[in-house]
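In what follows, a single structure is set out as structure tokens and then discussed.
The values are calculated or read from the model by the stated rules, or taken from the named source; none is laboratory data. This structure is a prediction, so every number in the text was calculated from the model and none was measured. Every residue, glycine as well, gets a Cβ built from its backbone with ideal geometry; the counts of neighbours run over all protein chains shown.
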Amino acid sequence: MQTSLTKALVFTLVFAAVLPGCSHLPGSGFSRSTVEPGNDSSKSGIQFVEVTDDVARRLLAQRSTRLFSETLGSTTANTEIIRAGDVLEVTVWEAPPSTLFTGGVEVRGITSATAPRATTFPEQMVNGEGNINIPFAGQIRVVGSLPLQVEAEIVSRLKAMANQPQVLVRRTRNLSSDVTVVGEVGTSARLPLTPRGERLLDALAAVGGVRQPVNKMTIQVTRGKNVQSMPLETIIRDPNQNVPLQPGDVITALFQPLSFTTLGAAVRNAEIDFEAQGITLAQALARAGGLQDQRSDARGVFIFRFEPKDALNWPSQPVEATPEGKVPVIYRLNLDDPKSFLVSQSFPINNKDVLYVSNASLAELQKFLNLLGSIVGPAATFKVLTQ
């Protein structure tokens, strides 16, 4: 009788000690039921979305990068066109006897009696109005013209005054047809464009390339008010994205280390970097080492992130957003469904996403039993020793 009373007393003390703490068992996170909607009023305002093929496709379509070949085109700039800021040198020849520019220089190899006279005027920068000044010809508009067209215009103005004038217009300094390269490159610089037709990778090579790993670099091209970005790795792999440059382009090499965080019953809990090209949920799970067999609930793989307000048709209305216009979202993937493995291959991972694998209910039970054993075991040992 006394033994039975002792056992009852021991178990009463054990459960009295354990039951109040059952909701505070040690662990790496919460279970699936804790996250699912309807169980916690504190989640009001958070959108809970099941990851389906339709959801994955819509998110992927919004994140698809527009190609440089589509937005910037493939037209090579005509860098021979004269623009404001260019420096020009004008030379005028007259047949003998010279009647207008008598102070010119004789051409070598021809006798002085028959030598044409060449007069080279000081270099001139094309002014803001697009003009240069030639003696006896006056103000000549040159912006938007080719050197050959400017030569013809000067000849037409001088032929009534000079003896069989011939003109050569040469651009000595190209200060308008250039591009600017800045950012994570060897040396930031302004590079002049030539009739050869330089392309994007030519400019990057000319400044010493990028200073960070290629797969973590994004190239931004600013052309007027048009700003486009693309991973450098994509530009290298696809020659069509190595677009010709236009005068005034600004090329910025951006180092953007992207990462997501894995927590819960994943094999690896860590912040994991990924490439500028982006990765899918399937790749993210693989980099996290997959799910722990003895602890994880395959039905509860969650992605926590903030989305733009117009990203999806949100299930909870009205939609609450942060002051920045972002909607807090919890996506759930059920890996017990074989179709989810196909969906995970198109669901995009964003920078700063949190990937959480929930704990299985049996894992929580096992923790409780282990805790119970740690208490009952010493009590039973003490009983044996006191007998």
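Count of the range 176-208 residues, restricted to those that are surrounded by fewer than 16 Cβ atoms within 10 Å (Cβ to Cβ) and out of contact with any Ser or Thr (no Cβ under 9 Å at 6 or more places or on another chain), is 3. Among the residues that make up the range 260-272, is at least one of them hydrophobic (A, V, I, L, M, F, W, C), under 17 Å from the mean Cα position of the chain (by Cα) and not in a strand (DSSP E or B)? Within the range 260-272, none of the residues are hydrophobic (A, V, I, L, M, F, W, C), under 17 Å from the mean Cα position of the chain (by Cα) and not in a strand (DSSP E or B). Screening the candidates L263, L281 for the property of being in contact with a Gly (Cβ under 7 Å, 6 or more places away or on another chain) and buried (at least 16 other Cβ atoms within 10 Å of the Cβ) yields one hit, L263.
Residue-by-condition table, conditions (1) more than 30 Å from L333 (Cβ to Cβ); (2) surrounded by 14 or more Cβ atoms within 10 Å (Cβ to Cβ); (3) at pLDDT below 80:
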{"residue": "E50", "(1), (2), (3)": "no, no, no"}
{"residue": "A56", "(1), (2), (3)": "no, yes, no"}
{"residue": "P97", "(1), (2), (3)": "yes, no, yes"}
{"residue": "F101", "(1), (2), (3)": "yes, yes, yes"}
{"residue": "G109", "(1), (2), (3)": "yes, no, yes"}
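Taking first residues from the range 153-170 that are crowded, with 16+ Cβ neighbours inside 10 Å and partners that are basic (K, R), the Cβ contacts under 8 Å between residues at least 6 apart in sequence or on separate chains come to P165/K159.
Tell me which strands (runs of 3 or more DSSP E) are completely within the range 127-198 and hold 1 or more residues being within 30 Å of F255 (Cβ to Cβ) and hydrophobic (A, V, I, L, M, F, W, C), or say none if there are none. Output list reads 178-183, 189-192. Working only within the range 299-351, note down all residues that are touching a residue at least 60 places away in the same chain (Cβ under 8 Å), among the charged types (D, E, K, R) and more than 26 Å from Q277 (Cα to Cα). R299, E320 - these are the residues of the range 299-351 that are touching a residue at least 60 places away in the same chain (Cβ under 8 Å), among the charged types (D, E, K, R) and more than 26 Å from Q277 (Cα to Cα).
Considering only residues that are in a helix (DSSP H, G or I) and more than 12 Å from V250 (Cβ to Cβ), which ones fall in the range 201-213? Give the derivation first.
Residues of the range 201-213 that are in a helix (DSSP H, G or I), as a first pass: 201-206.
L201, D202, L204, A205, A206 - these are the residues of the range 201-213 that are in a helix (DSSP H, G or I) and more than 12 Å from V250 (Cβ to Cβ).
Scanning the range 61-80 finds one or more residues that are among the hydroxyl-bearing types (S, T, Y), outside any helix (DSSP H, G or I) and crowded, with 18+ Cβ neighbours inside 10 Å.
Looking only at residues in the range 214-258 that are small (G, A, S) and in a strand (DSSP E or B), the one that is farthest from S69 (Cα to Cα) is A253.
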